[in-house]
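Heads up, the thing below is written out as structure tokens.
The values are calculated or read from the model by the stated rules, or taken from the named source; none is laboratory data. All figures in this text were calculated on a predicted structure; none of them were measured in a lab. Every residue, glycine as well, gets a Cβ built from its backbone with ideal geometry; the counts of neighbours run over all protein chains shown. Side chains are part of the model used for accessible areas, which takes the heavy atoms of the whole protein and leaves out ligands, DNA and RNA. Shrake-Rupley method; radii C 1.70, N 1.55, O 1.52, S 1.80 Å.
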Amino acid sequence: MSVSRPDTDAIGAAAEHFGLEFDSADREEFASLVDGALGSYDIVDELYETIAPTAPDREHRVLSPTDNTLGAWYVTTSITETTPVDDRLTAKTVAIKDNVAVAGVPMMNGSRTLEGFIPSRDATVVTRLLESGAEIAGKSVCEDLCFSGSSFTPASGPVRNPWDPTREAGGSSGGSGALVANGDVDIAIGGDQGGSIRIPAAFCGVVGHKPTFGLVPYTGAFPIERTIDHLGPITRTVADAALMLSVIAGYDGNDPRQPRNVTAGDYTAGLDSGVEGLRVGVVTEGFGHDNSQPAVDDTVRAAVRRFTGLGAIVDEVSIPWHRHAFHVWNVIATDGGAYQMLDGNGYGLNADGLYDPEQMAYFASRRLEYADALSETVKLVALCGYHGVNTLGAVSYAKARNLVSVARAAYDAALETYDVLVMPTLPYTANDLPGPDIDRATYLTKALGMVANAAPLDVTGHPALTVPAGLVDGLPVGMMIIGRHFEDATVLRAGHSFEKLIGGFPTPSGTTNLASI
């Protein structure tokens with residue numbers, strides 16, 4: 001089967017894009033030359049067909065609204081491995097964020113642009129969960145192309161917070177956070193490019209761990225920007241997060257984000273060794289944002305002070321670059337997202353690793369057709385990123401990439417003195433879900449206004465854990481614990497020690513019932 005060929009008009013349009021001045025004879029001649037060059041594309045298509053995977057036959061179910069009151073399930077399944085390699089996650093049910101491929105099960109990524117796609121391969125994390133005895137209970141709803149920190153942009157409808165179903169669950173892994181908090185599953189996979197594991201975990205009062213960049217393979221998940229993509233656990237306890245990380249971490253040979261020497265540890269091994277002598281730095285710049293709730297700041301400060309009762313040393317530390325790092329992230333996520341996620345049909349080019357050409361083709365065929373259905377956040381990324389890449393020549397992106405090392409060094413300098421850094425995960429508790437008549441400016445503020453503390457750690461790559469610090473007006477507050485690269489075990493140990501100190505984290509009371517809204 002031959003790939004499509006450009007006609008002379010298409011050659012003319014391509015020439016104009018590159019600033020070439022072609023007359024009709026030039027267009028005719030190059031149409032013929034390009035036709036010949038595309039012969040290699042035909043051969044690659046034929047060769048790929050010999051290795052292309054076939055999707056397995058796996059049952060899935062779309063729940064009725066009465067069975068999906070939080071709007072958190074995309075589809076439900078019951079998938080297990082017939083002969084698991086080990087039993088570390090036996091009897092654990094897991095929800096998979098719907099930007100992560102489960103072969104044979106529909107994947108929407110929160111967007112009309114991918115609706116109906118059926119992956120042929122399991123993501124690496126899915127394979128590893130199944131091999132450890134877990135049951136894949138279904139796909140959890142995520143934000144439209146994962147670009148929102150709230151939970152009202154999915155094309156399937158909003159995800160509701162089990163603590164108060166009139167409020168946001170957070171995003172973009174909102175379905176995962178809500179399902180874990182509500183007790184519908186034991187554990188869940190989340191994704192994090194600007195806080196999307198930690199935000200729903202904090203809003204929903206559960207544990208969310210963004211691993212060190214490259215520790216967990218991203219293979220098989222729909223990317224936003226290759227330098228900030230993370231996958232990680234959302235759980236009810238730190239021990240479960242450590243166990244889950246032990247299963248999903250490690251090199252897979254298919255993800256260019258991973259160093260070749262990255263290895264998985266047993267992150268449960270040192271959880272109970274305590275924090276006596278641990279040096280904890282409370283980051284001044286993580287508090288007092290323009291939109292910070294004073295009660296949230298106070299709750300986190302009170303929580304971190306409790307480490308002193310366990311023998312830890314707690315001091316204030318200033319990292320001015322924490323406020324600058326948000327802007328570095330914003331440029332990278334915007335220009336990089338427009339270039340790779342949109343114009344690059346998810347995967348982009350110029351990197352090694354395992355691609356999903358079927359997903360790229362499906363998304364490419366629908367991305368323009370359903371463009372008007374995209375969320376306002378994705379539209380903002382598209383328009384601003386297009387300007388950044390095409391008009392500004394991606395120079396701002398290049399400058400931001402060069403500033404990442406400066407931002408990373410600022411946290412690293414503090415982490416030479418302190419073993420972990422602490423700040424509020426989010427500046428406020430979960431907001432009300434907006435109505436359909438929300439104006440665009442408010443929409444964008446509600447969707448992105450909470451990421452200032454979470455997003456910088458996606459560009460610097462440091463491990464960051466959120467644990468519930470307490471409640472404000474009956475809603476959860478998250479405390480974020482940050483560590484040195486690949487010292488995820490220290491971060492998890494600190495979180496586990498706090499969890500034990502307070503006697504466990506609170507859970508939403510009762511069963512969520514939308515009839516009460």
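A few points about this structure:
- Test: residue in segment 129-136 that is surrounded by fewer than 18 Cβ atoms within 10 Å (Cβ to Cβ), without any contact (Cβ under 8 Å) to a residue 40 or more places away in the chain and out of contact with any Leu (no Cβ under 6 Å at 6 or more places or on another chain): no
- Odd one out for residue 251, checked against (1) part of a loop (DSSP other than H, G, I, E, B); (2) crowded, with 23+ Cβ neighbours inside 10 Å; (3) among the aromatic types (Phe, Trp, Tyr): (2)
- Residue match in segment 29-51 (condition: within 30 Å of residue 176 (Cα to Cα) and modelled with pLDDT of 95 or more): no
- Residue match in segment 328-344 (condition: part of a loop (DSSP other than H, G, I, E, B) and either more than 19 Å from the chain's Cα centre (by Cα) or not aromatic (Phe, Trp, Tyr) (or both)): yes
- Exactly one residue out of 196, 111, 176, 172 is crowded, with 24+ Cβ neighbours inside 10 Å, farther than 26 Å from residue 485 by Cβ and among the hydroxyl-bearing types (Ser, Thr, Tyr): that is 111.
- Per the conditions (1) modelled with pLDDT of 95 or more; (2) more than 30 Å from residue 258 (Cα to Cα); (3) in a loop (DSSP other than H, G, I, E, B), the sole criterion not satisfied by residue 348 is (2).
- Selection within segment 429-478 - crowded, with 24+ Cβ neighbours inside 10 Å, part of a strand (DSSP E or B) and of a type in the set (A, V, I, L, M): 464, 465, 467, 469, 477
- Enumeration of residues in segment 2-34 that are within 44 Å of the chain's Cα centre (by Cα) and over 30 Å from residue 391 (Cβ atoms): 2, 3, 5, 33
- Any hit, segment 59-67, residues being touching a helix residue (DSSP H, G or I) at 6+ places or on another chain (Cβ under 7 Å), at pLDDT 95 or above and charged (D, E, K, R): no
- Verdict on residue 231 being closer than 23 Å to residue 340 by Cα, open to solvent by less than 10 Å² (accessible area, probe 1.4 Å) and in a strand (DSSP E or B): yes
- Applying the criterion of being farther than 14 Å from residue 331 by Cβ, hydrophobic (A, V, I, L, M, F, W, C) and outside any helix (DSSP H, G or I) to the residues of segment 368-415, the residue that is least open to solvent (accessible area, probe 1.4 Å) is 374.
- In segment 54-71, the qualifying residues are those that are outside any helix (DSSP H, G or I) and either of a type in the set (D, E, K, R) or open to solvent by 100 Å² or more (accessible area, probe 1.4 Å) (or both), and the one that is farthest from residue 121 (Cα to Cα) is 62.
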